[in-house]
Every structure is written in structure tokens, then in C-alpha cells.
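Worksheet for the structure shown next.
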Amino acid sequence: MDASRGALARGGRLGVMSWYRQRLERDLSRWHTAGWVSEPGLSAIRSDLAAQRSAFSAAQVFAILGAVLFAFAVMSFVAANWTAMSKLTRLVLLLAALWGCYGGAAALFRRELNGFAQAAVLGGIAVYGASIMLIAQMYHMEGNPPDAVLLWALGALLAVVLVRSAPALAVTFLLLVIWSWTERDLSHAAHWSFLPAWVAACAAGAWLGWRPALHCAALALAIWLVPLGHLVLEQHAQWVVVLVGLAVAVVAGLGAPLVDRVLPAGAAPVFTYAVAVAFAGLFDMQFVVDDLFLGAARVHSISRLVLLAGFTLALLLAAMFWALRSDNRAALWVIYAAFTVEIFALYLKTFGTLLNTSLFFFIAAVIVSLLAWAAYHLHQRSGATRAVP
């Protein structure tokens, strides 16, 4: 178990290690050239980095993929020969495949082959899910199909708890998203039951201390949240999505020190996902929804578009300024993409009125240029301030 925990800790650093090493190498070269780091110090730092190299390898990646493919190959073979087998034979085969995967995982953990053990755990989860579907078919069970996906997700979450499996946690979040989408597709209503299940998976991620769990949780919540505006308040609640995204972005931006202490991955990814959610809500309001209530009166479509487009661009520029101040590169890339999508969508939306289109883009260009000038002078002033002894 200790060996598994150590492997998990190393795996949690994997997502940022490559980028961190590349940036540190550039900084070390610059500091060494400037005389701030001595030659012995440079060698010592590089030796320490080499000693901390993650044990995660391509072999383990292929082992995980192979385990999942093997599990589904077994299930496909069983399904193809389903009618030729007795019910007892079917159950024995399913149980043998399931416990074979988990038994193999236990043996691999004992040999400290943690990457391959995690692959076996994923294979067991795949077999478990396929077994649910096949047994339901065998006994002609009728009911709510998403319940089978929920049962599958709960089995994956149990694997997370029993063997401290980070890959199983990622699968859990994926299954919860599929469960929620299928429930919503059937009911055409908000699926609030997703939230307690999502919280349980988040608690498992916090217990593991696995940094990428924050990204899995944020993606799952964003996928659930963004379509919410079409499911509540008579399908006119896109502003709820925008407000939630804005609120979380403000908390992550202004309360970054507190968020950094609470979340192992820090406030930066929270801010990034929150901005993406807020932009998705605004984009929905501009280019997807046909009408929008602002107070008690309907606003003309063009006036509404201009108002929302101006607010969207202001939000993106403010978020970009904050991302630059906090050196949040991921947020910058998301904002660049959102800005490009917004401008292109506005162009397509207003293509029939070229004069209005050119005027809009001219005003936007002037605003962005003024902000660039202000940011440049602010940067120059802050650099001069730092240079004063």
C-alpha cells in the first residue's frame, strides 16, 4: 500500500513535471549566465532533478490501454457467444474475468509494478461495467438505463477507495458525466443528483491528494453546468451559468492565497475553468438563445448582441489582464481562444451589415490597443519599481 501511495504521488506530479523542467532549465541557464547560480550549484540542482524523475513510463501507458482493450475484447467474445452458453457459464466467465483483473492487480501491487497494477484495476472496472450490461440483458431487466451507468461509476469509486487508484478516479468522473447526460436526455430537466455524486468523487480526489483530480472535477462540473441554462427557469437561465463562472473566477482571483492553501493544484486552474464557463454562458446568450429577458423588457436582438458582446469582450480583457499579472499561462491560452471564437462569431452574425461590422471591430481594436498601451506602461513602471534598491 505504501508503494502504491508513493507511485500515486509521483503520478500526481506528472502533468506539470515536463513543463516545469523545461522552464527551470531555461531559468537555470539564464541565472548561471548572470552569475546568480554557481557551477557547483547548477550541477547540484540538475542532479536533484534527475533523481526525482518520475517512474511513469510509456510501458505503463500502453499497459493501461492494453488492459482496457483486453477487457472489452473478452466481453465482446462473451457477448458474441452469449446465446450458446448457459446462464451459469455466463456468470462464471464474468466473475472469473472480474476477479482475474483484481487478483492480478493485487499481485502486481505486491511486486511494486504499480503502473501495471493500475492498468489491471482499469481492466477490472471495464469488466464490471460490461458485466452489468450483460447480466441485465440475460435476465431481461427493465428499468432506468442511466442507473446501470451510476452503478458502474459507484463500482469505480469503490476501486478508488480500496486500492487508491488515480486512473479509477478519472474513470469515475467520466462515468458520472455520462450518467448525468443520459439522465438529462431522458428527463429534459436539470439533473441535480449529479452534484452529491460529484462531491463524493471530489472527496476521493482530495483524499488521494492527486493534483489532476482537480482538472477532472472541474471538467465534469463544467460539462454539467454549461447546459443548465436550457433546463431551468423556462430555459432562460443562461445568466445563471455566467454568474456562477464569474463568481468562481473572482474568488479564485482575489482569494488566490486562500485557494492555494485549500486546493493542492492551486487557484490558477480554478480561475481558468471559471472564465471558460462564464464565456460559454455568454456565448450561448449571444449566438444560441433566440431571446433574452433583461429585467422585464425584451431588448432588440441587435442591441442585445452589442450589449452582450461588449460585456463579453470586457470580461475576456479583464481576465487576460489578471492572467498576465498572475502568470497564469493556461488561462491566457483559454482567453486567446475565447476571444478569437467571439470575434469570428460576431463577424458571422453581423456579416449582412458591413458598416456596423466594421464600426464594431474598429471600436474593439481601439479599446484593445489602449489596453495594450496601458499594460505596457504598467509593466514598465512595475519593472522600474523593482529595480529601485
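The values are calculated or read from the model by the stated rules, or taken from the named source; none is laboratory data. On a predicted model such as this, the values are computed, not experimentally measured, just so you know. All Cβ positions, glycine included, derive from the backbone under ideal geometry; neighbour counts span all protein chains shown.
Worth pointing out:
- Applying the criterion of being surrounded by fewer than 24 Cβ atoms within 10 Å (Cβ to Cβ) and of a type outside the set (A, V, I, L, M) to the residues of segment 123-138, the residue that is farthest from Leu65 (Cα to Cα) is Gln137.
- Candidates in segment 78-107 are the residues that are among the hydroxyl-bearing types (Ser, Thr, Tyr) and modelled with pLDDT under 80; of these, the one that is surrounded by the fewest Cβ atoms within 10 Å (Cβ to Cβ) is Thr83.
- Flag for Leu371 being loosely packed, with under 14 Cβ neighbours inside 10 Å and modelled with pLDDT under 80: no
- Residues considered: Val270, Val250, Val226. Of these, the only one that is among the β-branched types (Val, Ile, Thr), in a helix (DSSP H, G or I) and without any contact (Cβ under 8 Å) to a residue 40 or more places away in the chain is Val250.
- Filter result for the condition that a residue is surrounded by 18 or more Cβ atoms within 10 Å (Cβ to Cβ) and either modelled with pLDDT of 85 or more or in contact with a strand residue (DSSP E or B) (Cβ under 8 Å, 6 or more places away or on another chain) (or both), over Ala120, Ala67: Ala120
- Scanning segment 150-158 turns up no residue that is closer than 21 Å to Cys216 by Cα, assigned to a loop (DSSP other than H, G, I, E, B) and without any contact (Cβ under 8 Å) to a residue 24 or more places away in the chain.
- Number of the exception - Leu228 against (1) surrounded by fewer than 21 Cβ atoms within 10 Å (Cβ to Cβ); (2) under 24 Å from Pro167 (Cα atoms): (2)
- Of the residues screened, Thr182 is not one that is in contact (Cβ under 8 Å) with a residue 60 or more places away in the chain, of a type outside the set (A, V, I, L, M, F, W, C) and either farther than 30 Å from Gly155 by Cα or surrounded by fewer than 21 Cβ atoms within 10 Å (Cβ to Cβ) (or both).
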